[in-house]
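Beneath this line is the structure, given in structure tokens, with notes to follow.
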Amino acid sequence: MKYLRLRSSELELVIDAEHGSDILSIKTINNDQELLLQTPWSDRAEAVLAKEQTSLFLDPVAHWMERYRGGWQMLCPVAGPPRSIYGAPVGFHGEASISAWQVNNLEPSSAHLQLDFFSIPIRIEREISVVGNVIEITDAITNLSDLQLEFDYSSHPAFGGSLLDGEVTIETSAQKFHLDEENLSQHGLSGSTHEWPLIKGENGSFLDLSLLPSPPTPLGVFGWLSDFGDKKWYRVKNIEKNIAFELEWDSEYLNYAWFWLEFNNSQGFPWFGKVRTFAIEPSSTQTSGKSRKTLLQLQANETTIIKQKVKISS
């Protein structure tokens, strides 16, 4: 069982339960439009995962990136750089994104998957379903221990394909945008906070994040969104192709959304100016900085539910 394929009258999803339960593809059936990123080295990544190609890297970040095919990952119990969590030295982007998940049930338009973590005592049961142009993802996260546990959760859909082939607009219920504290930015002061969608630079310039340029214009931004109000959502739309990805999520813990924009900008490893992608990632924590703290805390034997609903318009 290499891939799971879920299909409705309008969409097809490809899921790799053997590696991270990644959603590798979301494609419209009528006009064959792909919405997610496929990295330029995805074939090599497949070969490394299949042990047909020798892995080159011991560094935890490079090790993860060498296997990165694009798509949509769950980052848990760590989102971002490696760190120790309850004594476990957890690697870049966490255990969930690299583990083989158990498939409990598979239907033509739905799948139920499960992962019992090794790094910390939690279980995640994931239900993915597709009906028409709507995808629903429900994660039930259970603390299997008698301890209070605190850990990260981030939902990481990296966009690409037809969705980014041209000018792109972004709408969201977020009110604030924060530039990452630990990365230099040419658009504003690291760690600064701005009113969405404008980043105000130190020289008085403005960058409007609600309208992203068409290729080959380079652009790079990293930070997070906050202050979503009662309803947490965003919408990404390709103007020319008239295709849109809208995500709404419901969780008391996911009050942030990481904003990662890589439009042929970074010249070093692994991008080398060749990748055009961005992600808006519902998360339990900020990207970095002294105030970084996850909101996700589960009491002994407690379960929390995270719901995500995607609507694809084309």
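Summary of computed values
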{"quantity": "In the stretch 264-278, the residues that are at negative phi and assigned to a loop (DSSP other than H, G, I, E, B)", "calculated": "N265, S266, Q267, G268, F269, P270, W271, K274, V275"}
{"quantity": "Which listed residue is out of contact with any Asp or Glu (no Cβ under 6 Å at 6 or more places or on another chain), buried (at least 19 other Cβ atoms within 10 Å of the Cβ) and outside the structural domain of S25 (by TED's automatic domain parsing), from A111, A96, A45, A62", "calculated": "A45"}
{"quantity": "Meets criteria (part of a loop (DSSP other than H, G, I, E, B), in contact (Cβ under 8 Å) with a residue 24 or more places away in the chain, among the basic types (K, R) and surrounded by 15 or more Cβ atoms within 10 Å (Cβ to Cβ)) for K241", "calculated": "yes"}
{"quantity": "Pairs where the first residue, in the stretch 21-40, is free of Cβ contacts under 8 Å to residues at least 12 places away in the same chain and the second is of a type outside the set (S, T, Y) and not in a loop (DSSP other than H, G, I, E, B), C-beta under 8 Å, 6+ apart", "calculated": "none"}
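The values are calculated or read from the model by the stated rules, or taken from the named source; none is laboratory data. What you are looking at is a predicted structure, and each value in this text was computed from that prediction instead of being measured. Cβ coordinates were reconstructed from backbone atoms using ideal geometry, including for glycine residues, and neighbour counts include every protein chain displayed.
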